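Engineer: Before I ask anything, here is the structure I am working with.
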Amino acid sequence: MSAGTYAPRPGAAPLPRMIGAQTALETRMLLRNGEQLLLTVIIPTLLLVLFSAVDIVDTGAGRSVDFLAPGILALAVMSTAFTGQAIATGFERRYGVLKRLGASPLPRWGLMTAKTLAVLVTEVLQVVLLTVIAFALGWSPHGNPLAVLLLLVLGTAAFSGLGLLMSGTLKAEATLAAANLVFLLLLVGGGVIVPLDKFPDAAQSVLGLLPIAALSDGLRDVLQHGASMPWGDLGILAVWAVLGLSAAAKFFRWE
Amino acid sequence: MKNEPVVQIRGLVKRYGAKTAVNGLDLGVRTGAVTAVLGPNGAGKTTTVETCEGYRRPDAGTVRVLGLDPVADAAELRPRIGVMLQSGGVYSGARADEMLRHMAKLHAHPLDVDALIERLGLGSCGRTTYRRLSGGQQQRLSLAMAVVGRPELVFLDEPTAGLDPQARRSTWDLVRELRADGVSVVLTTHFMDEAEALADDVAIIDAGRVIAQGSPELLCRDGAENTLRFTGRPGLDLGSLLKALPDGTQAAEPTTGTYRITGQVDPQLLATVTSWCAQHGVMPDGISVERHTLEDVFLELTGKELRA
């Protein structure tokens, strides 16, 4: 490199370009990571195919795919917005990535925006893939697409808040363990593949307040039963979103 | 502009709980110069630099970088500085070129990424992700990330720690190129030779304070005297020799036939000693001059070994 190469010429790139570049990078990191793909793609796909084809769990009246597909979509949202984001952000914090980016021209809110966009891009890919598979398995969804979109967005907000709260306060290894454990527990106890009415009444009323239960129940009300707007479930998700995101904003530590 | 300090720190205090990391530190950094912040581990080097980078809020004192407050004016300051952290800072699943291209995209007028990759020998990293790069490759990537945005001022926190000698030279060369092109450089190091080889100014830090600051030459001259040694006939008349030498110079014969002159050893003193020997029919063998290094200065100022 010749003389004058390093002559100072500082300046931040335009914000949309920075956020776009950050979103692209975050999405690539998510899709390149094998453990992440296991959580976000392979497990939901396997569960959808397996439980639709084999009658292991009594899913009530009607085709089992009509019960399962909404639950698996809820699981997909949780796997990306909560589990995947918590683990990735936890290790980025541990390895100084968040710290280093904090000294770059990209503002912190820009980084968080990019993270959210990367989660949404991943979710779109998941929804497309899972919807295609569900249709191939004979799924016949009903209902109001706007209600579905609203549920997915509020669910993403609720799970993102909780995932960021966890990754911004715990050690990376603790986040890894806890996020996977929570994923497993909510998969079983959140109405994803096992209907909540299989649990005792007392347990049902508590489990029904979980964000995963609200999301899978709400999606099922619309897609399986044709409800117009599941206000109760939307309300539960909104409360989780407000609590999770404000706690994350308050307690998140960048280093 | 040239005379305005790029970094001005006055009375900086930073505590972590009960531990005081920086304790009333004053430091000025000249524009366009390479300034080495030198001190043992735990002296407060990283805390000082990270306060300049806006990561730490001072408990007392003021810090101005390019005339700005690193915390309050962060948005304005960040595009203008380059930062190399002591470790990490890269996605474990990112490739070297990918991360560097990304950092370039965050700036308005970045360097040519391909040329920078070649300059720092990162081309051989290929498709290897960060976590599988060698320590030296990770260091060089981190350095590249600090300069790719064409900053006015770069902070390098131990830029050559863990590098092999060749990579270390290459990093030194890059720092010199940065200075030649008008970039101000602040680097921390606990390598004396690094500070002596690179720095226009050295600030020696111990226990959270700057205990000496100046050019390496000045610090070495002021901080300690130099020594001239030779061997010759035993029992020379040192009193006669001392009369020929400047006041304050000392002479001794520590073992029979070996002589030690301590003082301001300059060409004039050397000439005086050799001509005195000639007058007295003495052949001085093995004349050697031991110049005091920053290492000696540090030892003298702190009573500590630098790498203890």
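The values are calculated or read from the model by the stated rules, or taken from the named source; none is laboratory data. On a predicted model such as this, the values are computed, not experimentally measured, just so you know. Methodologically, a virtual Cβ is constructed for each residue, glycine included, from the backbone with ideal geometry; neighbour enumeration extends over all protein chains shown.
Engineer: When you look at A:E35, is it in contact with a helix residue (DSSP H, G or I) (Cβ under 8 Å, 6 or more places away or on another chain), crowded, with 16+ Cβ neighbours inside 10 Å, touching a residue at least 24 places away in the same chain (Cβ under 8 Å) and within 12 Å of another protein chain (Cβ to nearest Cβ), yes or no?
Structural biologist: No, not satisfied.
Engineer: Going through the stretch A:1-19 one residue at a time, which ones are part of a helix (DSSP H, G or I), free of Cβ contacts under 8 Å to residues at least 40 places away in the same chain and at the interface with chain B (Cβ under 10 Å from one of its Cβ atoms)? Give the steps one after another, and end with the answer.
Structural biologist: Applying the first criterion (part of a helix (DSSP H, G or I)) to the stretch A:1-19 yields A:15-19.
If we keep only those that are free of Cβ contacts under 8 Å to residues at least 40 places away in the same chain as well, we get A:16-17.
Within the stretch A:1-19, A:R17 is the sole residue that qualifies.
Engineer: Among the listed residues A:A114, A:A88, identify the single one that is surrounded by fewer than 23 Cβ atoms within 10 Å (Cβ to Cβ) and either under 29 Å from B:L85 (Cα atoms) or touching a strand residue (DSSP E or B) at 6+ places or on another chain (Cβ under 9 Å) (or both).
Structural biologist: Result of the check over A:A114, A:A88: A:A114.
Engineer: Considering only the stretch B:80-101, how many residues are among the hydrophobic types (A, V, I, L, M, F, W, C), more than 7 Å from chain A (Cβ to nearest Cβ) and over 15 Å from A:R9 (Cα atoms)?
Structural biologist: Restricting attention to the stretch B:80-101, the residues satisfying the condition of being among the hydrophobic types (A, V, I, L, M, F, W, C) are B:81, B:83-85, B:90, B:94, B:96, B:99-100.
Narrowing the set further to residues that are more than 7 Å from chain A (Cβ to nearest Cβ) leaves B:81, B:84, B:96, B:99-100.
Filter once more, keeping what is over 15 Å from A:R9 (Cα atoms): B:84, B:96, B:99-100.
Qualifying residue count for the region: 4.
Engineer: Given B:R64, B:R56, B:R10, which one is more than 12 Å from chain A (Cβ to nearest Cβ), out of contact with any Gly (no Cβ under 7 Å at 6 or more places or on another chain) and not in a helix (DSSP H, G or I)? Explain how you work it out, then say what you get.
Structural biologist: Values: B:R56 fails: more than 12 Å from chain A (Cβ to nearest Cβ); B:R10 fails: out of contact with any Gly (no Cβ under 7 Å at 6 or more places or on another chain).
Selected residue: B:R64, the only one of B:R64, B:R56, B:R10 that is more than 12 Å from chain A (Cβ to nearest Cβ), out of contact with any Gly (no Cβ under 7 Å at 6 or more places or on another chain) and not in a helix (DSSP H, G or I).
Engineer: Of the numbered conditions (1) of a type outside the set (A, V, I, L, M); (2) surrounded by fewer than 21 Cβ atoms within 10 Å (Cβ to Cβ); (3) more than 14 Å from every other protein chain (Cβ to nearest Cβ); (4) in a helix (DSSP H, G or I), A:F82 fails exactly one; give the number of that condition.
Structural biologist: Every listed condition holds for A:F82 apart from (2).
Engineer: Among what's in the stretch B:71-86 and is assigned to a loop (DSSP other than H, G, I, E, B) and surrounded by fewer than 16 Cβ atoms within 10 Å (Cβ to Cβ), pick the residue that is nearest to the chain's Cα centre (by Cα). Before you say what the answer is, go through the steps one by one.
Structural biologist: Of the residues in the stretch B:71-86, the ones assigned to a loop (DSSP other than H, G, I, E, B) are B:71-73, B:85-86.
Next cut, surrounded by fewer than 16 Cβ atoms within 10 Å (Cβ to Cβ) only: B:71-73.
On the way: B:V71: 26, B:A72: 29, B:D73: 28 Å.
In this case the residue turns out to be B:V71.
Engineer: Every residue in the stretch B:102-112 that is buried (at least 18 other Cβ atoms within 10 Å of the Cβ) and either more than 8 Å from chain A (Cβ to nearest Cβ) or without any contact (Cβ under 8 Å) to a residue 40 or more places away in the chain (or both), please.
Structural biologist: B:H102, B:A104, B:K105, B:P110, B:L111
Each row is one residue, and each column tells you yes or no for (1) touching a strand residue (DSSP E or B) at 6+ places or on another chain (Cβ under 6 Å); (2) of a type outside the set (D, E, K, R).
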site: B:V202; (1), (2): yes, yes
site: B:L228; (1), (2): yes, yes
site: B:P234; (1), (2): no, yes
site: B:D237; (1), (2): no, no
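Engineer: Name the residue, out of B:F191, B:F155, that is modelled with pLDDT of 95 or more and of a type in the set (F, W, Y).
Structural biologist: Matching residue, one of B:F191, B:F155: B:F155.
Engineer: Something else about it: Filter the stretch A:198-235 down to the residues that are over 23 Å from A:L48 (Cα atoms) and either in contact with a strand residue (DSSP E or B) (Cβ under 8 Å, 6 or more places away or on another chain) or crowded, with 22+ Cβ neighbours inside 10 Å (or both) and list them by number.
Structural biologist: A:P230
Engineer: Sticking with this structure for a sec: Looking only at the stretch B:194-220, filter to residues that are assigned to a helix (DSSP H, G or I) and in contact (Cβ under 8 Å) with a residue 40 or more places away in the chain; which one of those is nearest to the other protein chains (Cβ to nearest Cβ)?
Structural biologist: The residue in question is B:L198.
Engineer: What is the one condition in (1) crowded, with 19+ Cβ neighbours inside 10 Å; (2) assigned by TED's automatic domain parsing to the domain that holds B:T35 that B:S215 does not satisfy?
Structural biologist: Looking at each condition in turn, B:S215 falls short on (1).
Engineer: Picking from B:G39, B:G17, which residue would you name as being modelled with pLDDT under 95 and surrounded by 15 or more Cβ atoms within 10 Å (Cβ to Cβ)?
Structural biologist: Of the residues listed, the single one that is modelled with pLDDT under 95 and surrounded by 15 or more Cβ atoms within 10 Å (Cβ to Cβ) is B:G39.
Engineer: Only one of (1) within 24 Å of A:A12 (Cβ to Cβ); (2) not in a loop (DSSP other than H, G, I, E, B) fails for B:E118. Which number is that?
Structural biologist: Among (1) within 24 Å of A:A12 (Cβ to Cβ); (2) not in a loop (DSSP other than H, G, I, E, B), B:E118 violates only (1).
Engineer: So B:R150 clears everything in (1) in contact with a strand residue (DSSP E or B) (Cβ under 6 Å, 6 or more places away or on another chain); (2) without any contact (Cβ under 8 Å) to a residue 60 or more places away in the chain; (3) in a loop (DSSP other than H, G, I, E, B) except one condition, right? Which one?
Structural biologist: (1)
Engineer: Next up: Would you pick out the residues in the stretch A:20-32 that are hydrophobic (A, V, I, L, M, F, W, C) and facing another protein chain (nearest Cβ under 7 Å)? Give the derivation first.
Structural biologist: Here is the first cut: in the stretch A:20-32, the ones hydrophobic (A, V, I, L, M, F, W, C) are A:21, A:24-25, A:29-31.
Correct list: A:A21, A:L25, A:M29.
Engineer: Considering every residue within the stretch A:177-189, establish whether at least one is in a loop (DSSP other than H, G, I, E, B) and touching a residue at least 24 places away in the same chain (Cβ under 8 Å).
Structural biologist: no
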